[in-house]
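Enquirer: My structure is below; once you've seen it, I'll send some questions.
A short reminder: the numbers here are calculations on the coordinates, not readings from a lab. Computed from a predicted model, the values in this text were never measured in an experiment. Heads up, the Cβs are rebuilt from the backbone with ideal geometry, glycines too, and the neighbour counts pull from every protein chain shown.
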Amino acid sequence: MAKFQLPTLNGEENYQIWEIQMRSYLTLADLLHCIHSEPINPANLQLPAVNEAENQHQRPTVDQDNKALATLWLCCSSGPLRVITTSKSAKEAWEALKEAYAPEGYSTQQIYISELLDVNPENFEDMESFVERVRFLTQQLPEFGIKIPEAVTIELVRKRLPERFNVFAQTLLAQLRRNKSGYTLKELLNKVLNEDRKTKADTTIKVNFTRKATTSQSLGKVVKKPWKKTKGHCCKKTSHDTKDYWFLFRKDSKSGLKANKQIDLATKV
């Protein structure tokens, strides 16, 4: 049998998926019958009884039941494990978990309805977790005979979107006004995920651009050109600075010193 990771039961939120995966594993291990029947008691095999006629060959042995019970213990987190710690058989443990976590009671319906009405992206780590929870709730409620109109769920999702989705939310509202059936809930949730990825990508690009500009300045790559701001006294061109005129600063030239003094006086005036 191929190796794979055993599913772990965390509670009511993943019981249904865990149950399917657990049934599959027990089938591969030839232990599925352990959760449907109590094990054969070797002490009573010689006693004829009517209940022994119920396909005795399909009832698990004590060894098989112990293996199935141990598998259930290994596939439960600390909370569910406490529920079945005192179970004596795999069937007893299976039924105890089903009674504790299977979404069949009225209280579970109320919890799902309340959670759907109050669902908010701010309570989740990311938008993908929010979308997955909305999908889960809208899929579970019909199993209790409760059908919430899709338009109501769409409006709940639209109003709970963060501020960075404002443009998307306004566009969505305009499209729904033109055509009430323009979006299904599935299409909306997919578009929300795409918009989330797009906004994250835009933010990353802006951050990288800002970092690049700051790094360039800190490394001195932005070079100022002072000669662009000054003009030569003689030719008045920005490409020549006063200090570049050699004849103005010749020490042995009286005419150069005289011209330099005249320029300085003209500058002061």
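Enquirer: Which of the residues belonging to the range 180-202 are among the small types (Gly, Ala, Ser) and either assigned to a helix (DSSP H, G or I) or touching a helix residue (DSSP H, G or I) at 6+ places or on another chain (Cβ under 7 Å) (or both)?
Expert: Keep residues of the range 180-202 that are among the small types (Gly, Ala, Ser), which gives 181-182, 201.
Result: Gly182, Ala201.
Enquirer: Go over the candidates Leu156, Leu141, Leu137, Leu161 one by one and state the one that is part of a loop (DSSP other than H, G, I, E, B) and under 17 Å from Leu189 (Cβ atoms). Explain how you work it out, then say what you get.
Expert: Working: Leu156 fails: part of a loop (DSSP other than H, G, I, E, B); Leu141 fails: part of a loop (DSSP other than H, G, I, E, B); Leu137 fails: part of a loop (DSSP other than H, G, I, E, B).
When all the criteria are applied, what remains is Leu161.
Enquirer: A follow-up question, please. Quickly run through the range 178-199 and pick out the residues that are polar (S, T, N, Q) and in contact (Cβ under 8 Å) with a residue 24 or more places away in the chain. Spell out the reasoning first.
Expert: Just the residues of the range 178-199 that are polar (S, T, N, Q), to begin with: 179, 181, 184, 190, 194, 199.
Thr184, Thr199, listed by residue number.
Enquirer: For the range 14-30, give me each residue that is in contact (Cβ under 8 Å) with a residue 24 or more places away in the chain and either closer than 19 Å to Glu132 by Cα or crowded, with 19+ Cβ neighbours inside 10 Å (or both).
Expert: Tyr15, Gln16, Trp18, Met22, Leu26
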